[in-house]
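Working notes, structure below.
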Amino acid sequence: MKTLRIAALAAGVLLAMSQLVPAQAVGHHGPKYKWDLKPTGSAAQFRGLAAVDKNVAWVAGSAGQVLRTVDGGRKWQNVSPPGQTLLFRDVEAFDAQHAVILAIGVGEDSRIYRTADGGKHWSEAFRNTEPTAFYDCLDFNNSRHGLALSDPVDGKFRIAATADGGKSWKVQSTKGMPAALPGEFAFAASGTCLVAGAGRTAWFATGGGAVPRVFRTVDGGRSWKVTDSPMASGEAAGIFSLSFRGQLHGVAVGGDFGTTGDAVKAASYTSDGGRSWKLVPADKAPKKYRSGSAFVPWSAATFVAVGPTGSDVSLDGGRSWTQFDDGYFDSVECAGHGAKAGCWGSGKDGRVARLAVGR
């Protein structure tokens, strides 16, 4: 729902936020971004992150742990499914009560759970039964329709879909899915290897093969078209995260996390809905690997990217980036309307923060 929430932000929202972020903030002397840490008391690594607004957020991570805040991070509730030690890598929340979480792993370790009461109770909505499948991320177009992405099975990426808000999931036919490249897969790094847009549109990104690629659907995952990316690929390199502002404007970030964490050809942007991508020059791109990205909803063209070595902001739709923080984050997500809009980041050692904007 990362792009679903963004699509709801119209000119009136930007006007409402103008009291917090002045119009000149999109220039070189624009806003100063920083992270306001919100201690969780946890030691888990939270790669799963769902922002509902500036007050409500969910995080999901290692050792089967799921936390929720409803007061802007002052207090966190442990709402973990009981008895689980799974690796939760993605969480999508509709509000403070309804959320869906994804556990990753080969075979039956890939599962989806759903709650309708703020995490008091969880129901298992999907358990993968294909021994070679490995689900990486999920997202929702709206409160009913969502997709979950698995690495290739028999040479093609696999999609599971829901039409009832995550209560049930059905593995889709791969007839409309282009063949995967040798060694190609998706990265379960931040829950943003797949993002859903308005209508039945969605995108997912890859690495590991000869070139990283971006897949796009406009029919809810039944058929896909794929585009080569100008970014670098490798055994541990490729596109780790996608984020979109509406249906046309998006960014892709990544790099190589396996060796030095270098950001070689590690950022690109699109203005045509992902049909083509332009590489960000090295002198304007993030200098290190970035695992997550998000559009800042109170802005015209601002994106934030995060990774283990810091956070970067782009004020021009992903064409250039500036680092503003050197702390560790795996994931970033923004959501909410008007004065309630907020951006959150999460990472290792229970690290969670909310984005603050000043002059």
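When the stretch 325-340 is filtered for residues that are touching a strand residue (DSSP E or B) at 6+ places or on another chain (Cβ under 7 Å) and among the small types (Gly, Ala, Ser), the ones remaining, listed by number, are 327, 331, 335, 336.
Confirm whether residue 255 is in a loop (DSSP other than H, G, I, E, B) and buried (at least 24 other Cβ atoms within 10 Å of the Cβ). No, not satisfied.
State the number of residues belonging to the stretch 35-75 that are assigned to a loop (DSSP other than H, G, I, E, B) and among the aliphatic types (A, V, I, L, M). Steps first, please.
Initial filter on the stretch 35-75 (assigned to a loop (DSSP other than H, G, I, E, B)): 38-47, 52-56, 61, 65, 70-75.
In the following step, the residues that additionally are among the aliphatic types (A, V, I, L, M) were identified as 43-44, 52, 56, 70.
Of the residues in the stretch 35-75, 5 are assigned to a loop (DSSP other than H, G, I, E, B) and among the aliphatic types (A, V, I, L, M).
So for the stretch 117-137 (the condition being in a strand (DSSP E or B) and in contact with a helix residue (DSSP H, G or I) (Cβ under 7 Å, 6 or more places away or on another chain)), does at least one residue qualify? Don't jump to the end; show me each part of the working.
If we filter the stretch 117-137 for residues that are in a strand (DSSP E or B), which is where we start, we get 123-127, 134-137.
Restricting the remaining residues to those that are in contact with a helix residue (DSSP H, G or I) (Cβ under 7 Å, 6 or more places away or on another chain) gives 127.
So far as the stretch 117-137 goes, yes, one or more of its residues are in a strand (DSSP E or B) and in contact with a helix residue (DSSP H, G or I) (Cβ under 7 Å, 6 or more places away or on another chain).
Pairing residues of the stretch 45-69 that are among the acidic types (Asp, Glu) with residues that are open to solvent by 20 Å² or more (accessible area, probe 1.4 Å) and in a loop (DSSP other than H, G, I, E, B), at Cβ distances under 6 Å and at least 6 apart in sequence or on separate chains, gives no pairs at all.
Within the stretch 136-160, residues that are within 14 Å of residue 92 (Cβ to Cβ) reach partners that are of a type in the set (Ser, Thr, Tyr) and surrounded by fewer than 24 Cβ atoms within 10 Å (Cβ to Cβ) with beta carbons closer than 6 Å, at six or more positions or on different chains, in the pairs 146/162. Each residue in the stretch 126-152 was checked for being surrounded by 20 or more Cβ atoms within 10 Å (Cβ to Cβ) and either out of contact with any Asp or Glu (no Cβ under 8 Å at 6 or more places or on another chain) or within 22 Å of residue 197 (Cβ to Cβ) (or both), and 14 of them qualify.
Residues in the stretch 224-252 that are polar (S, T, N, Q), within 14 Å of residue 211 (Cβ to Cβ) and in a loop (DSSP other than H, G, I, E, B): 229, 233.
What are the residues in the stretch 86-113 that are open to solvent by 10 Å² or more (accessible area, probe 1.4 Å), assigned to a strand (DSSP E or B) and farther than 10 Å from residue 126 by Cα, if any? Of everything in the stretch 86-113, those that are open to solvent by 10 Å² or more (accessible area, probe 1.4 Å), assigned to a strand (DSSP E or B) and farther than 10 Å from residue 126 by Cα turn out to be 87, 89, 104, 106. Would you check which residues across the stretch 329-354 are open to solvent by 10 Å² or more (accessible area, probe 1.4 Å), out of contact with any helix residue (DSSP H, G or I) (no Cβ under 8 Å at 6 or more places or on another chain) and not in a strand (DSSP E or B) and list them? Residues satisfying the conditions are 340, 348, 349, 351.
In the stretch 303-328, of all residues being open to solvent by 50 Å² or more (accessible area, probe 1.4 Å) and among the polar types (S, T, N, Q), the one that is modelled with the lowest pLDDT corresponds to 309.
For the stretch 153-170, what are the residues that are among the polar types (S, T, N, Q) and open to solvent by 10 Å² or more (accessible area, probe 1.4 Å)? Full working, then the answer.
As a first pass, look at the stretch 153-170 and keep what is among the polar types (S, T, N, Q): 162, 168.
Within the stretch 153-170, 168 is the sole residue that qualifies.
Would you confirm whether or not the stretch 85-100 contains a residue that is more than 19 Å from residue 137 (Cβ to Cβ), in contact with a His (Cβ under 7 Å, 6 or more places away or on another chain) and not polar (S, T, N, Q)? Within the stretch 85-100 (the criterion being more than 19 Å from residue 137 (Cβ to Cβ), in contact with a His (Cβ under 7 Å, 6 or more places away or on another chain) and not polar (S, T, N, Q)), the answer is no, since none of the residues qualifies. Residues that are touching a Lys or Arg at 6+ places or on another chain (Cβ under 7 Å), in a loop (DSSP other than H, G, I, E, B) and either of a type in the set (Asp, Glu) or closer than 18 Å to residue 47 by Cα (or both) within the stretch 284-328 comprise 309, 328, listed in sequence order.
The values are calculated or read from the model by the stated rules, or taken from the named source; none is laboratory data. None of these values were measured; they are calculated from a predicted model. When we count neighbours, we look across all protein chains shown, and the Cβ atoms used for this are built from the backbone with ideal geometry, even at glycine. The accessibility values were calculated without ligands, DNA or RNA, using every heavy atom of the protein model including side chains. Shrake-Rupley method; radii C 1.70, N 1.55, O 1.52, S 1.80 Å.
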